[in-house]
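Just so it is clear, none of the values below were taken in a lab; they were calculated from the coordinates. These numbers were taken from a predicted model, which means no experiment stands behind them. Virtual Cβ from ideal backbone geometry, glycine too; neighbours counted across all protein chains shown.
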Amino acid sequence: MLRSNRVWATDITYIPVHGGFAYLCAVIDWHSRCVLAWELSNTLDAAFCVRVLKKAIQLHGVPEICNTDQGCQFTSSKFTGVLLAHGIKISMDGKGRCLDNVFVERLWRSVKYEEVYLKAYSNVLEAERILGAYFRFYNDHRPHSSHYGRTPSGVYRDQPHPQDKQSQQAA
């Protein structure tokens, strides 16, 4: 059954900034395509990916499954440890199978063509500020074709979550 918070996906892409690159990690909900958490970093270590995952869990609860590629950030014990500690099933794409993570790859295409390639960020702080505005637009105002013009956050919020059912039963 398709519903929010069943499967999340996460990935990293590069963002050009004056003098180099920053790295963007995001967690999205597969069903709604809602961006649940994101962060920019000037390094490609696992720590910022772990922070994004923990932020998504703190804000949105625990999914059943988390899908990633086989990058060293996502195969690290720091990242997989968070998943295992929360009972989240780990799903990793096969090597060279970019379509396994198609929802995040589609997000990167939207971010880059609708925002990043139209700007020249002078530094990471500026990129972070402007990308924050873009993700608010993407989640709350940008219609999504797979949801017949509804926004990702609208679809995400309209779905009953397993945590909601458990809290209703306990009351």
For the chain, percent of DSSP beta bridges that are antiparallel (nearest 5) comes out at 65 percent
Among 21, 4, 84, the residue whose Cα sits farthest towards the positive end of the charge dipole of the chain, when +1 is placed on the Cβ of each Lys and Arg and -1 on the Cβ of each Asp and Glu, is 4
Taking 0.36 nm per residue of separation between residue 113 and residue 147 and subtracting their Cα-Cα distance, the length gained on full extension comes to 10.2 nm
The answer for residue 11, listing residues at least 5 apart or on another chain whose modeled amide H is closer than 5 Å to its amide H, is 26
Largest fluctuation, 14, 134, 117 only, Gaussian network model of the chain with Cα springs under 10 angstrom, belongs to 117
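Assign unit charges at the C-beta atoms only (+1 for Lys and Arg, -1 for Asp and Glu), then state the dipole size of the chain relative to its Cα centre in Debye, rounded to the nearest 20. Walk me through the numbers before you get to the answer.
On the way: 20 positive and 16 negative charges, 48 e Å.
In total the dipole reaches around 220 debye.
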